[in-house]
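Rule-based calculations on the coordinates, nothing more; no lab input. Source: prediction; values computed, not measured. Note that each Cβ is placed from the backbone with ideal geometry, even for glycine, and that neighbours are counted across all protein chains shown.
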Amino acid sequence: MMSVKKISSILIAIIFLSVSMMSCGKPEDTEVLNAFSDLYEKSRSINEYVFGKGLPYDDPENYDIENLQSPYYIPVSENSPYKTQAEFEAAILDVYSKNYYDVSIKQIVFDGFGENSKENPRYVEVDGVLKIDITNTGAILTGIFDAAAANVVSSSFSDAIVKAPWKSGETVKEYQITLIYGENGWRLDSPTY
């Protein structure tokens with residue numbers, strides 16, 4: 001028969017493990033908010049390269065642009081932060097989740113889109129050289145999230161939802177942004193542009 005001391009020790013151990021396991025399931029709000037702030041800052045340049053002005057490119061004067069037709073691809077410039085599709089994809093996946101990249105970014109950037117699919121991707125890689133379609137001028141990205149005013153709506157060990165004010169000109173709205181936690185840490189799973 002077990003002694004009262006042994007039973008008490010087992011119960012204390014079970015309670016301790018239960019509390020430890022529950023705290024592992026939910027990150028601290030500060031962890032989520034710091035991740036959001038860091039990822040949002042990184043996403044601003046990625047968004048500009050994907051949806052906005054695009055990566056810097058060579059001077060179009062060096063190419064035959066007399067009969068410019070869409071698409072018209074020229075190499076990204078030497079001062080471009082990404083020179084290959086692999087480098088650019090890695091940078092995007094350092095900010096956005098794989099699922100968000102596959103569903104919302106890859107089609108626009110590398111695969112093309114439209115009714116017939118494969119229409120005019122923004123970037124192509126030819127013989128190891130990343131090129132941009134200069135007829136795709138992109139969107140003007142004016143909205144900015146106030147990451148310092150963000151708050152956590154919900155969180156778990158695998159995802160979190162953050163609400164943050166977004167401002168564009170005089171327009172102010174609040175949006176919810178989803179973050180996903182994976183093997184490489186937190187990633188955005190919602191647009192931030």
Out of F113, S158, A147 - ranked by how far each Cα lies towards the positive end of the dipole of the stretch 110-169, with unit charges on the beta-carbon of charged residues - the top one is A147
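Over 24 Å between Cα atoms: which of K98/K173; K53/K106; K98/K163 fall into that group? Write down the numbers at each step before the final one.
Details: K98/K173 27 Å; K53/K106 17 Å; K98/K163 22 Å.
Pairs exceeding the cut-off: K98/K173.
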In nm, the gap between the two label points placed 7 Å beyond Cα toward Cβ at N79 and V103 is 3.8 nm
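Using a cut-off of 12 Å between beta-carbons, work out the net charge of the residues near D189 (Lys and Arg +1, Asp and Glu -1, D189 not included).
On the way: positive: K98, R187; negative: D102, D159.
It works out to a net charge of 0.
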The aspartates and glutamates whose Cα lies under 12 Å from the Cα of K131, excluding any fewer than 8 residues away in the same chain, are D58, E78
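Given the Cα-Cα distance of S45 and D159 and 0.36 nm per residue of separation, how much length would full extension add, in nm? Mind dumping the intermediate values first?
On the way: separation 114, 0.36 × 114 = 41.04 nm, distance 2.36 nm.
Stretched fully, the S45-D159 segment lengthens by 38.7 nm.
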Distance in nm between D29 and D94 label points, each 7 Å along Cα→Cβ, equals 3.0 nm
Partner aspartates and glutamates whose C-alpha sits under 15 Å from that of K26, ignoring same-chain residues fewer than 8 away, are D159
Residues whose modelled amide H sits under 5 Å from the amide H of Y175, counting only those 5 or more places away in sequence or on another chain, are A164, W166
Straight-line reach check, K42, cutoff 18 Å on alpha carbons, 8 or more apart in-chain or any other chain, hits among aspartates and glutamates -> E31, E87, E89, D94, D146, D189
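Please label the shape of the stretch 113-193 as rounded, prolate or oblate, based on the square roots a ≥ b ≥ c of the eigenvalues of the alpha-carbon gyration tensor (a/c under 1.5 means rounded; beyond that, a/b larger than b/c means prolate, else oblate).
Details: a/c = 2.69, a/b = 1.55, b/c = 1.74.
It is oblate, given that a/c is not under 1.5 and a/b is not larger than b/c.
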With x for Gly and Pro, the residue-by-residue ³J(HN,Hα) of the stretch 154-169, computed from phi through the Karplus equation 6.51 cos²θ - 1.76 cosθ + 1.60 at θ = phi - 60° and given in whole Hz, is 7, 7, 8, 5, 10, 7, 8, 10, 10, 10, 9, x, 10, 10, 9, x
